[in-house]
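Accompanying notes for the structure given below.
The values are calculated or read from the model by the stated rules, or taken from the named source; none is laboratory data. Fair warning: this is a prediction, and the values are worked out from it, not measured in the lab. Here the Cβ positions follow ideal geometry from the backbone for every residue, glycine too, while neighbour counts run over all protein chains shown. Remember, those area values only see protein heavy atoms, side chains included, never the ligands or the DNA or RNA. Shrake-Rupley method; radii C 1.70, N 1.55, O 1.52, S 1.80 Å.
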Amino acid sequence: MPNGQDETSSSQTTASGAHRNITVTGDFVRTVLISGDGNQVILPHNDGLAFRLLDEAFRQQQVGRAPADFYNGTRANWANIARGHDARRRQFKNIFDFITAENPPQRAAVITGLSGEGKTTLLMRLAWEASQAGFPVLWRHYGTVEQPYERPFEQAQRVLLFLDELPYVDELPRLLADLSESGLPFVLLGTARTHEWHNSPLRSQTARLVAWQEFPLERLGEDEARGVLERLEQAGMLGALAERPPHARLDFFLDRLEADGQLLPALLTARKGRGFDAILEDVFERLEQHFGRQGVHFLLRGYAAIALVHRFGFWLSRPLLAHILNLSEAELTPRLLNPLRGELTEISEVEARRLYTRHPWIAERALGLLCGTRLPEQEYLYDDFYRALGAFLAAHPQDETRKLLSKLPLAFKYRGEFASARHLFRHAVEADPKDAVSLQAWALLEKEQGNLAEARELFRRASEADPQHAPTLQAWALLEKEQGNLADARVLFRRASQADPKDAVSLQAWALLEKELGNVEAARDLFRQAIQADPNHVPTLQSWAVMEQEYGNIADARQLLERAVMVDPCAPIWYRWALLEKEQGNLA
């Protein structure tokens, strides 16, 4: 995502710097953002990261499209949003004010809550109305951009980027770094399940790039519930509530739920007049009556294979699922997808042959009911899943489903279920003993749990599996440094820098070690190498500046902080610079 200049753009910046021309252009492989004062950022469409421009043409297309059966557990589509099927949430105004405010010019926020709480639908509503208000709005989606686009936005305040499921957007640090570096004003808004965001490494990795604000989506309140009921009544979809007076509908909807107040199960349980588990059991019994015990076992095994990953918001590829079920890809639709269509166990397919269950929350509850009754226990389901994944990757080593080796155990780790995470890491490593990413992630888990001997052994195995994987060597070096094994740490830092001479993170960490040992010239040389590897690596610039300040080289420290601010004008760096000037008596 390089940063460049567009000499043909004329500056439209006001005295406050809040408004400027912004042009959004895109094709099948990239999106380009150009501001009127000459800044530019390019967002390539790769690794599942593509952007769709929500302009007037897009909105008009959605008005004429068929809406999803939104109030029956299906994710809302844009036609639902166009028709206003969603109920307004209490947090809407606060979040909309945040994304449309003028300052600061670069910021980010995340909507958090339980699975099934309506985070994605709220994100879509915010994107839609911001687009209607004239903002340049980019929505992250899977697949490719169908049509090239170009749209200049006169006097736009900033670009708005909306990304669902933030904890699993691996590209997030790079995206924020490039946007920050470009100087382009932007707001990034995403969603995440609360526990996954609070435990996600992306949260800490991006904290230096942008100040995050969190908007928790709380349990459904009375005003929100009334809005939902009104829409159900307008659509003739009240179900079991139709015979009740309005106050009784509200009471049932809020007080007799068996779904912890979450929006999605609330809709289904209220309409059915029954608890959600009972509704799911009806589905399983109906499938069994129609397809027989043996036939339904095959269907539920296929459903469970996808539910095992979609419970965390991940997807399963069509080729991998066919491999798991020992079918050809052509057989999947008639033998699995079609028979499950129209039920809560429905499987949907989106761009690039990615398969999902109807909803992560439903997948979680369905697995809880299926495991140990109609299917093996969850632990054994994952065992079978990883065996199939390992065999598949042996034949297709570059397939992007490789990420599931580490993502699934990490999802359990983020939930605090460390025994399950460890169990899955073990199977991931058995599936592919050469996958350094899984070994390193497992090592970090053991380190955090205080199992240092296990962590060292896993770091060793990871470094043998891929001797050029610098992040493993750097993480191992930090462990040894924290334990006081400084000689070992230095050796590992050296190995990391040799494995990847462009890895500024390893060089900076090594420099800090040498600084703590009093080897100032060695530290200075390593800081210099890190900046040569990545001239915009703000942590190196800042930590180098702190060292120079400590040794009285004020001019050098000031120059380094000035460079850091030019790359990332965030509050912590300004604060560090202010402290330096205060100590020098420059109070004005």
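Could you tell me the convex hull volume per residue, in Å³, taken over the Cα atoms of the chain? Spell out each step's value before the answer.
On the way: hull volume 101.5 nm³, N = 588.
Considering the Cα atoms of the chain, their hull volume per residue is 173 Å³.
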Among 361-372, 326-337, how do they line up by average Cβ neighbours within 10 Å per residue, starting with the highest? 361-372, 326-337
When the Karplus curve 6.51 cos²θ - 1.76 cosθ + 1.60 is applied with θ = phi - 60°, which whole-Hz ³J(HN,Hα) does each residue of the range 126-132 get, with x for Gly and Pro? 5, 5, 4, 6, 5, 5, 4
Positive end of the dipole of the range 301-450, charges at C-beta (+1 Lys, Arg; -1 Asp, Glu), about the Cα centre: which of Y414, L445, L320 has its Cα farthest in that direction? Y414
Which GluC sites (Glu not before Pro) from the range 267-307 combine a DSSP loop assignment with at most 16 other Cβ atoms within 10 Å? none
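Hey, which of these cross-link pairs are over 18 Å Cα-Cα: K119/K407; K119/K413; K413/K447? Walk me through the numbers before you get to the answer.
Working: K119/K407 21 Å; K119/K413 22 Å; K413/K447 13 Å.
Too far apart for the 18 Å limit: K119/K407; K119/K413.
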What residue among T269, G239, A207 has its Cα farthest toward the positive end of the dipole of the chain, where the charges are +1 on Lys, Arg and -1 on Asp, Glu, each on the Cβ? G239
Estimated FRET transfer efficiency when R0 is 30 angstrom, pair E230-R59 (beta carbons, to 0.05): 0.80
Highest first, please rank the peptides 293-301, 489-497 by the mean number of other Cβ atoms sitting within 10 Å of their residues. 489-497, 293-301
Per residue, how much accessible surface does the chain expose to a 1.4 Å probe? Answer in Å², no decimals. 43 Å²
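Relative contact order, percent, of the chain when contacts are C-alpha pairs under 8 Å separated by at least 6 residues? Can you show the working numbers first?
Values: 915 pairs, mean separation 56.6, N = 588.
Answer for the chain is 10 percent.
Using the Cα centre of the chain as the reference point, and only Cβ charges (+1 on K/R, -1 on D/E), how large is the resulting charge dipole? Debye, rounded to the nearest 20. Write down the numbers at each step before the final one.
On the way: 67 positive and 80 negative charges, 165 e Å.
With only Lys, Arg, Asp and Glu charged at Cβ, the dipole is about 800 debye.
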Reduced to Cα centres, the span from the range 178-216 to the range 395-414 in Å works out to 23 Å
Applying a 10 Å radius around every beta-carbon, put 546-554, 111-119 in order of their mean neighbour count, most first. 111-119, 546-554
Expressed as a percent, the accessible surface of the chain that is carbon or sulfur, using a 1.4 Å probe and the full set of protein chains, is 49 percent
Which of the listed residues, L513, F527, L486, is farthest toward the dipole's positive end in the range 448-528, when Lys, Arg count +1 and Asp, Glu count -1 at the beta-carbon? F527
Tell me which residues come under 5 Å, amide H to amide H, from F186 once H is placed; ignore anything under 5 positions away on its chain. Q106, R107, V159
